[in-house]
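The values are calculated or read from the model by the stated rules, or taken from the named source; none is laboratory data. Just so it is clear, the structure is predicted and the values come from calculations on it, not from any experiment. A quick note on method: Cβ atoms are made from the backbone with ideal geometry, for glycine too, and the neighbour counts reach across all protein chains shown. Heavy atoms of the whole protein, side chains included, go into the accessibility calculation; ligands, DNA and RNA do not. Shrake-Rupley method; radii C 1.70, N 1.55, O 1.52, S 1.80 Å.
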Amino acid sequence: MDKSHYGSRNPSELPFESPFLRRCILAAYWALVLVALPAWWHTTSIERLPLPMSQVMAQTKREIEFPLNIRLSSAVDGVDADAVAHELERSLRSRLSSQLFVLPTGLNDVSVSSEPGSYWVKLTDGVQESVVEENVLQHRWDVRDSTASSTLANRLAALLSPYSEHAHAEQHEHVVSKYASRYHIAFTLLNEDAASGKSALSWQIREALQRIMRPVFKRLGPLHNFTIESQVQFHAPLAFTPTAVDVNGTEVYGLTPEDLTVFVNSAEWTLSSGVTNDPILHFLLFVPSAFRRPLHILDSAGTLTRSHSFILPQWGGVVIYNPPPETQGNFHILSSQLDSILPIFRHQLLSLLGVPRLPSGVKSVSGSLSTWQIDALLRRRAHENAREAQQTLGSIVKLVEQIENMPVGKDVKRDVEDALSALDQAFEAALISPKLAFDHSSRALTLTSRAFFNPGMLALLYFPPEHRLAVYTPLFASATVPLIVAVIREFAAWRKQRKTAASSGIADITSVGYCPSSATFDHNDVITKVGLNQR
Amino acid sequence: MIFSWRILPATLLLYVLGTLASPTSETFQEELTLRPLRDGKVISRFSFTTLREGAVPRNPELLEAKDIPQYYTLFPLGLGQVLREYAASELHLSLNSGKWDYEGWGYPGEQEVGTGAQLWAWISDGGSATVDERWKGLRNALAGLFCASLGSLDDQRTTSPKLAFVPVGDLPAWKLPHQLRHATLPSENVCTENLTPFLKLLPCKGISGIAGLLNPHRLFDADWHGMSVHVSWREGRGIEVRLAFQAVFDPVRLSIDKKRDWSLQSIFDKSIRKACPVASSSRIVVELPKNEAYAIDPKPSIVQEGFAVYDTSHVEKDLDISLRWPLESVFSYPLDPPLQPLSPLSVQRILKGTSQSRGQLSVSIRNTLPSEVQAVYLETMPWHVQFYLHTLKILVNGHARDDPLSDIAYTPPVPHGRPALLESVLRLPPNSTTQLDMDVMKSFLRYTEHPPDAQRGWDLPPAVLVPLVNSTSFVASGASTLLGNDMSRRPRIYTRTLLVDLATPDFSMPYNVIIMSCTLIALTFGMVFNLMTRRFVVVKLRETPGRNEVPMEKTE
């Protein structure tokens, strides 16, 4: 070819103008895009660590089970402890659990009483009523009574599993507050209207609490920590007007069952301190206004009841205090006067915390809580905590499965794994001691709720991939169009080139693929021109 | 109580002894002061004091220990728990709205009158939680307690001045020293939602006693209103909480016939119906006009040194105090002769300059006293405005001088982190006007740092001037032992807040930037890509008759 005419060469002969090189460049671009895509996807995607799904699923099916060891000894003449024990074991196993053992033992076997997790039933004729003390039950055994065996079985069943035996199990469940390792206990003396006179200006709660409530707090120490606060309010108006009732010619005031549900006027009464996230149990001593005394609680038929207190499920308890009518002026509630009120609070507290009552016919020797009750509560709480933890774990797994944008970080994964191992430990410890099992189960519960409420799990919930793409569209759209067009054009050229090669077989096709057939060339008369590569 | 000591374990006993003295008795006092002003307005100041005798602030070193039971009677439980939780020894919170006119109204009974929210606390070091951690917890807890945006008093607003905020009470002598944390939020508004929790902290709430007069409809209609909470401890006495509400009413505005006569009913729209049964002292003090004919009704319990005192510990029938000027048919503002300012010191602070990058801060302090006054001047500035300290010029009565300023302490601001603190002692010559001028730079904020309604600008906190004299000389009219417990303390004068206009961006900017940069990248990419894959071909120019130039190009 003549290149001297304009001093330039035919561009199609330039080494970088070869179709092969061009295709290589194009391929390199595409390779880069394809390599970068996963990297881009990875850097903009959220961290979702795998959770141990199968373990969680397996764990949720497990049930915590406590073996019960009962020792039986008899001080009554003519009673075969072995036979009674066998009979008892058979009857209780069918009612409670297959993991129940009743072993006859000697009367003065000292090692039994110190053995953890076991109970001792002493049959005797020296007591009038059954008496519990620590883990020992002294049971009156009458040889002549034919139902003696079933009575004992009933007592034991009620002591060991008080919740299933409870008459109003459903209602009871509803009252008991959710488990927390720390409770705030707030005692409040509320005067409906101290300015009306004859109101309680202070109370000696400190001394009374020390005497009456402290033993209970101490006994429940293994389960809960308690923070105690008390306050007095001088203006605590009710949100409604109590009903006036005429009783034997004198006017009294009454609270209907509907009134009780709206009794606490949380808008006006500042009851909680607000510095804590722990659940608060409130105990209110309400002194009605001087104009609305005495204030009684009515039943649904509208007649007076003898009760002056009521429990608000999972919230606390209220006691209404009507000062004696002869009271003149404002007064102070003395510690001795509180002796009749605080036992009601104590009773309400025990109900709210789910401490079982002793079955009828059984008395506690010192009036304090026995090991039977505390253990029953421990077993119940361990059971609840384990179930709750299992459910929460199940929910976490389900939630993570359902919401694909939910991040799962290292701490969530670790909490879930730790909770699983804590649950395992709880199941193992249940065989040894209810206290240990309870400790592990409450740890499992704390871990699962921490994992469930992990703030990191919400981080990118509202940043879907559509947004990610939308932000980059101005870049992607304008960059990909030339890339795609170049590929299509190159492909078309390649097909055309193949076709021409097949039909003519002419060797000199250097420019065939690049020139339209209509164009005729004179190689002596060329210019090179660079134009935009658009048709 | 002896009984309970015995059954406590020894460690707990030590702890109890260390933090809480024997059973505490609590007393509650309430007082309302009403002061008619010469411009026809009336200052009302409510003060509710609860003293928890024998109580001691909590030592932060014992914060981890088991919490001992807390028994409160009159002391507000909500506030008590916050103080215990964060072991604050002394605390002062004020929420004000409006600009206090020192010259027209005199020195206020409640001295913390800076616009917006101000919180300062003395917190002891010690324990595992640092002072700053507890300060953060404290302001968040108070934000929750008073429904105010105190949570935003963060590190960008917290300073520790050395001279201006001395403790009001005593500080317990623990092993580690106490530290001051002070923060202001001038843009905070005060309203009913702050008053409701405030009233709930009072033993008689807003139902009986003097607090029954606190009617939000009238208080927040007042020309100036503000509430404050002060907690302090005095050795041998106990922890004292003082809740105060101060408002400046304009009876002339409220009256139909343009008279300045007022009564409790006319300004609060309420009267005192019932006494608070637990108040150990309850009284209303009315300052009587001087050199004027007036009538006050009903007859006060005591009249003393120009003050009428009403004892409200027992109220038989509705008490509605009224003060009338019977000889005056219409109140006219006294214009002639020129009014003497009621405050001997007055401060004016302005920010000059129109640009969004530079400005000049100009403070003018006038001393009308015949003697020299030393005063601490405190300027806490968010980092949005930065001082050029070298440009500081001082003019006394128009003459440049260097000597009035001494003991300059300056903490430079850290952008996005810490505010600036300028504290120094000024010597104000007698009967003089001292002017301080300083250039300032306005910062350029990040996109996310702008508040909602960014175009409004930023409120700058008030500067504080603390004359190093006691307040007796500052209360203009009849300083009396009857009035207030503030007399022994140093007064504190707040300047007005400033509004600074910072450069605000167009808030659609990020999207514009994304699109702009994407377009540029796409253009560059397109060019490079085209050059690399371009095909160059030879095109013949055909000589056609009549058309001698046919530019031919061939591209594909």
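Data table
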{"quantity": "Shielding by other protein chains, A:212-219, mean Cβ within 10 Å", "calculated": "1"}
{"quantity": "Kirkwood Rh and Cα Rg combined as Rg over Rh, evaluated for region B:345-500", "calculated": "1.02"}
{"quantity": "Length added when fully stretched, A:Leu431-A:Gln314, from 0.36 nm per residue minus Cα-Cα", "calculated": "39.0 nm"}
{"quantity": "Cα-based equivalent ellipsoid of chain A: semi-axis lengths in Å, sorted from largest, via gyration tensor", "calculated": "83, 37, 17"}
{"quantity": "Orientation-averaged projected area, Cα convex hull of region A:375-462 (nm²)", "calculated": "5.3"}
{"quantity": "Cα-Cα over 18 Å, subset of A:Lys218/A:Lys435; A:Lys198/B:Lys274; B:Lys41/B:Lys274", "calculated": "B:Lys41/B:Lys274"}
{"quantity": "Gain in span if fully extended, A:Thr241 to A:Arg144, counting 0.36 nm per residue against the direct Cα distance", "calculated": "29.0 nm"}
{"quantity": "Amide hydrogen neighbours beyond the local backbone of B:Gln360, cut-off 5 Å, H modeled", "calculated": "B:Lys352, B:Gly353, B:Val440"}
{"quantity": "Protection-proxy order for peptides B:449-456, A:49-56, B:211-218, B:346-353, each taking the mean of Cβ atoms within 10 Å per residue, highest first", "calculated": "B:211-218, B:346-353, A:49-56, B:449-456"}
{"quantity": "Share of carbon and sulfur in the accessible heavy-atom surface of the protein assembly as shown [1.4 Å probe, %]", "calculated": "56"}
{"quantity": "5 angstrom amide H check on B:Val538, placed H, neighbours 5+ away", "calculated": "A:Ser12"}
{"quantity": "Extreme residue, positive dipole direction of region A:126-272, given options A:Phe234, A:Gly197, A:His139 (C-beta unit charges)", "calculated": "A:His139"}
{"quantity": "Residues of type lysines that B:Lys352 reaches as a straight line, Cα spacing below 16 Å, ignoring anything fewer than 8 places off in the same chain", "calculated": "B:Lys393, B:Lys442"}
{"quantity": "Kyte-Doolittle mean at least 0.0 and Cα axial length at least 24 Å: DSSP H helices in chain A", "calculated": "A:19-44, A:465-503"}
{"quantity": "Contact order relative to length of chain A, as percent, for alpha carbon pairs under 8 angstrom and 6 or more apart", "calculated": "18"}
{"quantity": "In order through region B:28-41: 3J(HN,Hα) via Karplus (6.51 cos²θ - 1.76 cosθ + 1.60), integer Hz, x for Gly, Pro", "calculated": "10, 10, 9, 8, 10, 10, 10, 9, x, 10, 6, 8, x, 7"}
{"quantity": "Stokes-Einstein D for region A:342-407, Kirkwood Rh over Cα pairs, 37 °C, 0.692 mPa s (µm²/s)", "calculated": "220"}
{"quantity": "Protection proxy ranking, peptides A:150-162, A:84-96, average beta carbon neighbours within 10 Å, highest first", "calculated": "A:150-162, A:84-96"}
{"quantity": "Those residues of region B:63-96 for which accessible area with every protein chain present is at least 50 Å² below the isolated value (1.4 Å probe)", "calculated": "B:Tyr71, B:Thr73, B:Leu77, B:Gln81"}
{"quantity": "At 1.306 mPa s and 10 °C, Stokes diffusion of the protein assembly as shown via Kirkwood alpha-carbon radius, µm² per second", "calculated": "43"}
{"quantity": "Buried solvent-accessible surface, both chains (B, A), 1.4 Å probe, Å² to nearest 100", "calculated": "5800"}
{"quantity": "Those residues of region A:23-51 for which accessible area with every protein chain present is at least 30 Å² below the isolated value (1.4 Å probe)", "calculated": "A:Ile25, A:Tyr29"}
{"quantity": "Cβ neighbours within 10 Å from other chains - mean over A:223-231", "calculated": "5"}
{"quantity": "Under the Debye formula (equal points on every Cα, no solvent term), log10 I(q)/I(0) of region A:182-353 at q = 0.14, 0.15, 0.16 Å⁻¹", "calculated": "-0.75, -0.86, -0.98"}
{"quantity": "Lys/Arg +1, Asp/Glu -1 at C-beta; chain B dipole; positive extreme among B:Val464, B:Val248, B:Ile207", "calculated": "B:Val464"}
{"quantity": "Note, ³J(HN,Hα) from phi for region B:60-71, Karplus 6.51, -1.76, 1.60, rounded to Hz, x at Gly and Pro", "calculated": "x, 5, 9, 5, 7, 5, 4, 6, 8, x, 10, 10"}
{"quantity": "Gap separating the Cα centres of region B:318-386 and region B:73-118, nearest whole Å", "calculated": "21"}
{"quantity": "Reduction of at least 10 Å² in accessible surface, 1.4 Å probe, comparing all protein chains with the chain by itself, residues of region B:205-238", "calculated": "B:Lys205, B:Ile207, B:Ser208"}
{"quantity": "For region A:402-463 versus region B:259-278, the gap between their alpha-carbon centres in whole angstrom", "calculated": "59"}
{"quantity": "Placed amide H near B:Asp261: partners under 5 Å, 5+ positions off or other chain", "calculated": "B:Trp325"}
{"quantity": "Helical segments meeting 20 Å axial Cα length and Kyte-Doolittle 0.5 threshold in chain B (DSSP H)", "calculated": "B:509-533"}
{"quantity": "Over chain A: helical MRE at 222 nm, DSSP H runs n ≥ 4 each giving -39500 (n - 2.57), nearest 500", "calculated": "-13000 deg cm²/dmol"}
{"quantity": "Only Lys, Arg (+1) and Asp, Glu (-1) charged, at Cβ; region B:345-500 dipole about Cα centre in debye", "calculated": "220"}
